[in-house]
Amino acid sequence: MKLERTVSGLRRELAGAPRPVALVPTMGALHEGHLTLIRRAREQGATVVVSIFVNPAQFGPREDLAAYPRDEERDARLAAEVGADLLFVPPAEEVYPPGFDSRVEVGGVSAELEGDPAHRGPEHFRGVATVVAKLFNMVGPDVALFGQKDAQQALVIRKLARDLDFGVRIEVVPTVRDRDGLALSTRNGYLTAAERERALALSRALRAAEALVEGGELETDRVLEAARAELEQAAVVPEYLELRSAADLSPAERVDGEVLMCVAARVGPARLIDNVILRAPAEPTLDTRPLTGAAT
Ligand code: AMP
């Protein structure tokens, strides 16, 4: 695996590289969620590029930019083990040189949930879209892989790629969880054992909602109530707990088609997010009752 820190070095390295090129953008501190994305990229790409960049533009002034864990040596070893060909680790000045003064703003889905000023706010996805657009221009990937764990981010990036004709296929990889259900996240590392126990309420809430929908409950109020009860039991107060259309994040009136249940909550020092896609059980389309005899 090659390591590059400059855009010119990256471009030189990729000039004659076999295609398709698959890109996995990360902020490092790699865990099994990231490694699953890289393994999937390996299946798809002849050249696998992993980027590590803790992007200051997507952190709010009161967020954890300074505390965010960094361990390049360990990340490089893990990325190489799962098959990355090229690790791109630019310093901040390479991505945002003096005088850098542009932002990419994706409309629609960006303003909801995480993008709401009551939560992370509009700067967050502006920062994400800007750095991802730059990475797409630097790498020119054929496919880029993102995690369902950050469902709204995946929707924003799909829209970015489509609206600005990046000509890259966006693949979304299912959320990787610990055995007890907790969605893997770098920020889980901020939790004490007791906080981690409380954090399990997020995935329990989503599972309770999922079980209800699988049983045929389609009323959003009841589904939300079941999830809220799990959070309350662990004294976790959600920043939001919502049911939205999985396609465009518009409010879901009923569990109809694919509905995204998403939750954000602070547990101790960590702000955690999680989500699940709920699907109403399929109606039988044929009469499956057994024949009991011919009607005469
Ligand atoms: P991050 O380093 O947190 O910016 O994440 C880099 C990529 O890994 C993003 O596309 C995330 O959605 C994805 N990711 C993070 N955690 C998980 C997880 N538990 N399962 C699957 N993908 C994940």
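Read-outs throughout are calculated quantities, based only on the coordinates presented, and are distinct from any laboratory measurement. These figures come from a predicted structure and were not determined experimentally. Neighbour counts run over all protein chains shown; Cβ positions are idealised from the backbone, glycine included.
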Total charge of the residues flanking residue 88 in space, meaning their Cβ is under 13 Å from its Cβ, with Lys and Arg +1 and Asp and Glu -1, is -1
So if a site counts as exposed when it's one of the trypsin sites (Lys or Arg not before Pro), its DSSP state isn't H, G, I, E or B, and it has at most 16 other Cβ atoms within 10 Å, what's the longest stretch of the chain without one? 180-296
Cα convex hull volume per residue for the range 174-271, in Å³, equals 105 Å³
Taking the Cα centre of the chain as origin, sum charge times position over the Cβ atoms of Lys and Arg (+1) and Asp and Glu (-1), and report the length of that vector in debye to the nearest 20. 740 debye
Among the GluC sites (Glu not before Pro) within the range 177-265, which fall in a DSSP loop and have no more than 13 other Cβ atoms within 10 Å of their own Cβ? 253
If you wrap a convex hull around the C-alpha atoms of the chain and split its volume per residue, what is the figure in Å³? 182 Å³
Using helices alone, what [θ] at 222 nm do you get for the chain, with -39,500 (n - 2.57) per DSSP H run of 4 or more residues, divided over all residues and rounded to the nearest 500? -11000 deg cm²/dmol
Considering the dipole of the range 213-296 built from charges on the beta carbon (Lys and Arg +1, Asp and Glu -1) around the Cα centre, which of 257, 235, 247 is farthest to its positive end? 235
Please identify the DSSP H helices in the chain that span no less than 30 Å along the helix axis (Cα) and have a mean Kyte-Doolittle hydropathy of -0.5 or more. 193-214
So what are the ³J(HN,Hα) numbers for the range 58-70, from phi and the Karplus equation (6.51, -1.76, 1.60; θ = phi - 60°), rounded to whole Hz, Gly and Pro as x? 9, 9, x, x, 9, 8, 9, 3, 5, 7, 4, x, 9
Looking at 146, 128, 8, which one has the Cα that reaches farthest to the positive end of the dipole of the chain (charges on Cβ: Lys, Arg +1; Asp, Glu -1)? 8
Cα-based equivalent ellipsoid, the range 1-115: semi-axes from gyration tensor eigenvalues, Å: 25, 17, 16
